[in-house]
Ligand SMILES: NC(=O)c1ccc[n+]([C@@H]2O[C@H](COP(=O)([O-])OP(=O)(O)OC[C@H]3O[C@@H](n4cnc5c(N)ncnc54)[C@H](O)[C@@H]3O)[C@@H](O)[C@H]2O)c1
């Protein structure tokens, strides 16, 4: 089953920069109506303005995805503007680096609030809306190759993205089960079953604003203490790695929309990474101690 984009409604979180903005531009080029959400209202307004200037139908809804109530309000705003939601990108994400034991409670709350609870709220709020519409719909959760590997000095980010991987694989199974039951009923009632799918996006390093994620940290989750040596080193390493990324955010958007059209689940934008993913899986299967992915190939350092 394929997915038609023209005239359909896309909701995108983290839409004011990087991948989110590239998804919005790609969606606009395909004739989609856009509901853009971001915690940065200024950058969000500029993004919406630029899309409208290009002829797109778009609204901006300032949203902190870590807030259950704000994600619920986002869904209401989307339905009020366009009546339906066909495509959801749970994409907003942030990171904090350094040795695990040096990370603060605020670091954990902030990164898990956005990367894990943001995706959880999106799935919880939008999936029932999509199922009730009884039309083709799709959810894309942005994880990372950091959800498939465990590179050192980025433990909170890794753990949050591993959570997104497992959450999204489970969502896939849950949707299959729920819709098999629905199709059986629909066959009896001679109506079409629902067609809600999902994909897991796992990019490696790509030049975006991710290395400057601190700009989006709320004041009440800032750290009082100065960054440690491992945190400073991790920040510099991230800056370098992100800037050296070969693919652009537009490339990632193109690959992702192709995967949605084909209803493909795993979207791995840098396939060179798969050898290292395989090695991790073999470590587990053979009960070997974990291999440090950063000690391997240059492309493995693409764990962004
Ligand atoms: N760029 C990479 O190398 C890379 C690689 C793998 C995965 N990712 C993931 O891609 C996603 C998008 O990141 P990006 O690289 O485009 O970075 P980015 O910093 O350019 O964009 C992220 C956007 O999310 C917004 N945001 C931050 N906190 C938010 C919140 N609480 N609620 C709503 N919006 C919020 C920011 O304001 C920003 O506009 C993230 O989930 C990130 O972890 C990025």
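The values are calculated or read from the model by the stated rules, or taken from the named source; none is laboratory data. It should be emphasised that the depicted structure is a prediction, and the values quoted were computed from it without experimental measurement. For neighbour counting, all protein chains shown are included, and Cβ atoms are generated from backbone atoms with ideal geometry for every residue, glycine included.
For the reader, a short list of remarks on this structure follows.
- Some residue of segment 131-153 being under 21 Å from residue 17 (Cα atoms), at pLDDT 95 or above and surrounded by fewer than 21 Cβ atoms within 10 Å (Cβ to Cβ): no
- Those residues of segment 18-44 which are in contact with a helix residue (DSSP H, G or I) (Cβ under 6 Å, 6 or more places away or on another chain) and touching a residue at least 40 places away in the same chain (Cβ under 8 Å), in sequence order: 18, 19, 21, 22, 23, 26, 33, 35, 37, 38, 39
One line per residue, one yes/no per condition, for (1) over 16 Å from the mean Cα position of the chain (by Cα); (2) more than 26 Å from residue 29 (Cα to Cα):
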position	(1), (2)
208	no, no
217	yes, yes
220	yes, yes
232	yes, yes
247	yes, no
254	no, no
275	yes, yes
281	yes, yes
